[in-house]
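Asker: Take this structure, written in structure tokens, and hold onto it; I'll ask about it next.
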Number of protein chains: 2
Amino acid sequence: MGEFELIRRHFQRAAGGPSVVLGIGDDCALLQPSPGHQLAISSDMLVEGRHFFPDVNPQALGHKALAVNLSDLAAMGARPLGFTLALALPQADDAWLRGFSDGLLALADAHACPLVGGDTTRGPLNLCITVFGEVLPGRALRRDAARPGDDLYLSGRTGEARLALEQQRGTPWALTAMPDDGCRERLERPTPRLALGRALAGLDGWEGRAPAAIDLSDGLAGDLGHILRASGVGAEIRLADLPVAPPLRGLPEAQRLECLLHGGDDYELLFTAPPSARGAIAAAGTASQAPVQRIGVITPQTGLRLIRANGETEALIATGFDHFT
Amino acid sequence: MGEFELIRRHFQRAAGGPSVVLGIGDDCALLQPSPGHQLAISSDMLVEGRHFFPDVNPQALGHKALAVNLSDLAAMGARPLGFTLALALPQADDAWLRGFSDGLLALADAHACPLVGGDTTRGPLNLCITVFGEVLPGRALRRDAARPGDDLYLSGRTGEARLALEQQRGTPWALTAMPDDGCRERLERPTPRLALGRALAGLDGWEGRAPAAIDLSDGLAGDLGHILRASGVGAEIRLADLPVAPPLRGLPEAQRLECLLHGGDDYELLFTAPPSARGAIAAAGTASQAPVQRIGVITPQTGLRLIRANGETEALIATGFDHFT
């Protein structure tokens, strides 16, 4: 199977999407964004042994590679237009490629985000996806938009993916909890919160500034830190208001907090909006079928603090995973 | 040096470009294309040991990684808007990164194509660039637009990069030619033909269909094959009309033809247009300071044929390099 046959067999589809003028097979793909919209772009690279295990299910890998990119569009409030895939493969393994493209393209179809181009080469397994979306000017959910007094919101809940990862690694404390298919699904097949992101960028019934938002890939505290630094503010998280999934409830407290606050791979949205937007935020959550919870508040005082149920406060380190430290 | 310090030190610039609403540092970059334009997108992945030698000059690598992507925009007739870079590095080597970003960003500046985002991770050295441009609807230079009777044009000349590559490899026939800085420059620092591509997409003074075009990365014959298959036509190349760079003139004929027709890494434009567009094509070449030569003709008969100076005809194989065969 040569390079072009590989692309034709596993990645090329007759269909495009309403925005695709020209897909796979020319020097460039051509997209037609909606008039007046801005283009939102994100790129993520996944490396074997670093972002996934060598024996990963290829279908799950295909799903996740696109999901983490779509999650960035969600965090900007953008509507997907399409994506490119650059793929370095040690060899052209037909069964592996079939699984990978099945997982990838099923998620692409579910979000009307067609594969429009890319590159294929030989090399150590490496996937680079770049995703394109569109958003109306002034409505993107930027990290620098948080203001003191804003409520801090979380979609869904955090920590399950981390618990599943530690169980796969055989970490003793994680093995004290029963393996849970829900946790494993969260780790392997995250669901990007696209509908919620778009609802927040629209926010029917509330005409104020667009919310600040980020998607959670490196842990709640660390990713919140990006919003705090970009906006020049601080935050308090109320521990009692953090949703805790059932499999995490039996963990020792330190490990439960590690999963909730520093877990990683959550792909939930963390966002802020003023109290006047509470009704609109609740409506956005309902309309997009995303559970949305107020978990804290943005403060003029910089830094990140955790408020325990008994009122005690402790400082949290608001930095996340770093590939080079 | 951590991941964010690495990005800040080597890749983040205060400046953006006229189309950049939001650059590095959020979940997505935001671009504002010109009203009514289509978006042209291309992505290329470069792997150590496959696309470049491990001891490559990092400045040349930075230049080339972007140049090969800009060349795809040129082949579509698009104006650059910006690009993303995803980078897997075995370690954060400050001196290497400084050279790489110098070469990369100098070319980006020269073409007003700012770096707007991307990803950094640890892993075997791998660079994935995705580039974005814009073009007016109906004016993109597509591979499927060649028609029988069209002239076949080449910008610049082919073969020098291949000669330099074979000299670096120590291939005996290549060592019969003197090493030439011009050839090495063609291999290591190709010049994307952006001005020519845009001129062809505009074609002042000629109102017909947009030319068909492709950029030459895998050899003239193989890349021409993509145009022929997409357009359902054939072509004849007149050998006497192919420009030959001085360092290639002393090579044995078989190797000279190999360099000219199957060399690779040329990053010239190969394009077709009807004879009625000859004046406009010549003007486009002059305006963009690109030497442009008519080297053959598109035929209704499929396949690719080489016409020698004595009138003899031979069939050429119109397929290029394949990473998996």
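Asker: Take B:R209, project a point 7 Å from its Cα along the Cβ direction, then tell me which residues of segment B:261-289 have their backbone nitrogen under 20 Å from it.
Answerer: Under cut-off, by backbone N: B:270-282.
Asker: Additional query: With the calculation restricted to Cα positions, what are the radius of gyration and Dmax of segment B:3-135 in angstrom?
Answerer: That works out to 14.2, 45 Å for Rg and Dmax.
Asker: Can I ask one more? If each DSSP helix of 4+ residues adds -39,500 (n - 2.57) and the sum is divided by the residues in chain B, what number results at 222 nm, nearest 500 deg cm²/dmol? Each step should come with its number before you reach the end.
Answerer: Working: 11 runs with 111 residues, N = 325.
Rounded to the nearest 500, the figure is -10000 deg cm²/dmol.
Asker: In Å, the Kirkwood hydrodynamic radius of the protein assembly as shown over pairs of distinct alpha carbons?
Answerer: Evaluated over the protein assembly as shown, this radius sits at 26.0 Å.
Asker: Related question: Which order do the peptides A:133-141, A:303-311 come out in when sorted by mean C-beta neighbours inside 10 angstrom, highest first? List each step's numbers first, then the result.
Answerer: Values: A:133-141: 21.2, A:303-311: 13.8.
Going by the mean number of other Cβ atoms within 10 Å, highest first, we get A:133-141, A:303-311.
Asker: Run through the other copies and list how far each one's label point is from that of A:Q168, in nm with one decimal, shortest first; the point sits 7 Å from Cα along Cα-Cβ.
Answerer: 3.7
Asker: Could you run the Karplus curve 6.51 cos²θ - 1.76 cosθ + 1.60 with θ = phi - 60° over segment B:128-141 and give me ³J(HN,Hα) per residue in whole Hz, x for Gly and Pro?
Answerer: Values, residue by residue: 10, 10, 10, 10, 10, x, 9, 8, 6, x, x, 9, 4, 8 Hz.
Asker: Oh, and also: Any chance you could get the radius of gyration and Dmax over the Cα atoms of segment B:229-325, in Å?
Answerer: Computed over the Cα atoms of segment B:229-325, radius of gyration and Dmax are 14.8, 42 Å.
Asker: Determine ³J(HN,Hα), in whole Hz, for all residues of segment B:243-251 in sequence, where each value follows from phi through the Karplus function 6.51 cos²θ - 1.76 cosθ + 1.60 and θ = phi - 60°; x replaces Gly and Pro.
Answerer: After applying 6.51 cos²θ - 1.76 cosθ + 1.60, I find x, 10, 5, x, x, 8, 5, x, 6 Hz.
Asker: Over segment B:143-316, with the other protein chains present, what is the accessible area per residue in square angstrom, probe 1.4 angstrom?
Answerer: Numbers: 7110 Å² over 174 residues.
Per residue, segment B:143-316 has an accessible area of 41 Å².
Asker: Which cross-chain or sequence-distant (5 or more) residues have an amide H under 5 Å from the amide H of A:T120, H modelled 1.01 Å from N in plane?
Answerer: Placed amide hydrogens put A:L87 under 5 Å from A:T120.
Asker: With a Förster radius of 60 Å, plug the Cβ-Cβ distance of A:R13 and B:A95 into 1/(1 + (r/R0)^6) and report the FRET value to the nearest 0.05.
Answerer: Numbers: r = 45 Å, r/R0 = 0.74.
Given R0 = 60 Å and the Cβ-Cβ separation, E is 0.85.
Asker: Now a separate question. May I ask for the net charge around B:T84, where only other residues with Cβ less than 11 Å from the Cβ of B:T84 are counted and Lys, Arg are +1 while Asp, Glu are -1? Walk me through the intermediate numbers first.
Answerer: Numbers: positive: none; negative: A:D44, B:D119.
With Lys, Arg at +1 and Asp, Glu at -1, the net is -2.
Asker: Hey, rough spin-label estimate for B:R147 and B:R308, points 7 angstrom out along Cα→Cβ, what's it come to in nanometres?
Answerer: 3.5
Asker: Angle check, please: helix A:253-262 long axis (alpha carbons) against the longest principal axis of chain A (alpha carbons), in degrees 0 to 90, nearest 10.
Answerer: Once rounded, one gets 60 degrees.
Asker: Counting other Cβ atoms within 10 Å, which chymotrypsin sites (Phe, Trp or Tyr not before Pro) in segment A:202-298 have at most 13 and lie in a DSSP loop? Spell out each step's value before the answer.
Answerer: Working: sites: A:W206, A:Y267, A:F271; in loops: A:W206, A:Y267.
Within segment A:202-298, no chymotrypsin sites (Phe, Trp or Tyr not before Pro) qualify (loop, at most 13 other Cβ atoms within 10 Å).
Asker: Here is a further query. Using just the alpha carbons, could you tell me how many Å³ per residue the convex hull of segment B:143-316 encloses? Can you show the working numbers first?
Answerer: Values: hull volume 18.2 nm³, N = 174.
Looking at segment B:143-316, the number lands at 105 Å³ per residue.
Asker: Turning to a different aspect of this structure: Accessible area of chain A with a 1.4 Å probe: how many percent of it is carbon plus sulfur?
Answerer: Details: 6260 of 12350 Å².
Whole-percent figure for carbon plus sulfur exposure: 51.
Asker: Continuing with the same structure: Using modelled backbone amide H atoms (1.01 Å from N, in-plane), which distant-in-sequence or interchain residues come within less than 5 Å of A:R50's amide H?
Answerer: Close amide H contacts, sequence-distant or interchain: none at all.
Asker: What is the angle, in °, between the Cα long axis of helix B:94-110 and the longest principal axis of the Cα atoms in chain B? Nearest 10 is fine, range 0 to 90.
Answerer: Helix B:94-110 sits at roughly 60 degrees to that axis.
Asker: OK, next. How big is the A-B contact in terms of buried accessible area, both chains counted, 1.4 Å probe, rounded to the nearest 100 Å²?
Answerer: Details: alone 14990 and 15000 Å², together 24710 Å².
The summed interface area works out to 5300 Å².
Asker: Using only the Cα atoms of segment A:197-281, what are the Rg and Dmax in Å?
Answerer: Computed over the Cα atoms of segment A:197-281, radius of gyration and Dmax are 14.5, 44 Å.
Asker: Shifting gears a bit: Whole-Hz ³J(HN,Hα) for each residue in segment A:61-71, computed from phi via Karplus 6.51 cos²θ - 1.76 cosθ + 1.60 with θ = phi - 60°, x for glycine and proline: what do you get?
Answerer: Computed from phi, the couplings for segment A:61-71 are 5, x, 4, 5, 4, 7, 4, 5, 6, 4, 4 Hz.
Asker: OK, next. Along Cα→Cβ at 7 Å, what distances in nm separate the B:P275 label point from those on the other copies, shortest first?
Answerer: 8.1
Asker: Enumerate the amide H contacts of A:G82 below 5 Å, restricted to partners 5 or more residues apart or on another chain; note that Pro and chain-start residues carry no placed amide H.
Answerer: Hits under the 5 Å cutoff: A:F132.
Asker: Relative contact order for chain B: what percent, with Cα pairs under 8 Å and sequence separation of 6 or more? Present the calculation step by step, with values, prior to reporting the outcome.
Answerer: Working: 739 pairs, mean separation 71.6, N = 325.
Relative contact order, chain B: 22 percent.
Asker: Can you give me the P(r) profile for segment B:71-178? Cα pairs, bins 10 angstrom wide beginning at 0, each as a whole percent.
Answerer: 11, 26, 30, 26, 7, 0
Asker: Between A:S155, A:S43, A:S276, find the one with the highest GNM mean-square fluctuation for chain A; connect C-alpha pairs within less than 10 Å.
Answerer: It is A:S276.
Asker: Taking the protein assembly as shown as a whole, which cysteines find no other cysteine Cβ under 4.7 angstrom from their Cβ?
Answerer: A:C28, A:C113, A:C183, A:C259, B:C28, B:C113, B:C183, B:C259, each lacking another Cys Cβ under 4.7 Å.
Asker: Measure nothing but the geometry: give the 0 to 90° angle between the long axis through the Cα atoms of B:278-287 and the longest principal axis through the Cα atoms of chain B, rounded to 10°.
Answerer: So the helix axis and the longest Cα principal axis differ by about 30 degrees.
Asker: If you don't mind, another one. Given bins 5 angstrom wide, list per bin the percent of all Cα-Cα distances in segment B:106-167, short to long.
Answerer: That works out to 3, 8, 11, 11, 17, 20, 16, 9, 3, 1, 0, in percent per bin.
Asker: Related question: Distances from B:E312 to the same residue in each other copy, label points 7 Å out along Cα→Cβ, in nm, shortest first?
Answerer: From this label point to the equivalent ones elsewhere in the assembly: 9.2 nm.
Asker: Using only alpha carbon positions, build the gyration tensor of chain A, then give the equivalent ellipsoid semi-axes as the square roots of 5 times its eigenvalues, largest first, whole angstrom.
Answerer: Numbers: eigenvalues 229, 132, 46 Å².
Sorted largest first and rounded, they come to 34, 26, 15 Å.
The values are calculated or read from the model by the stated rules, or taken from the named source; none is laboratory data. Since the structure is predicted, the reported quantities are computational estimates derived from the model, not experimental observations. A quick note on method: Cβ atoms are made from the backbone with ideal geometry, for glycine too, and the neighbour counts reach across all protein chains shown. What goes into the accessible areas is simple: the full protein's heavy atoms, side chains included, and nothing from ligands, DNA or RNA. Shrake-Rupley method; radii C 1.70, N 1.55, O 1.52, S 1.80 Å.
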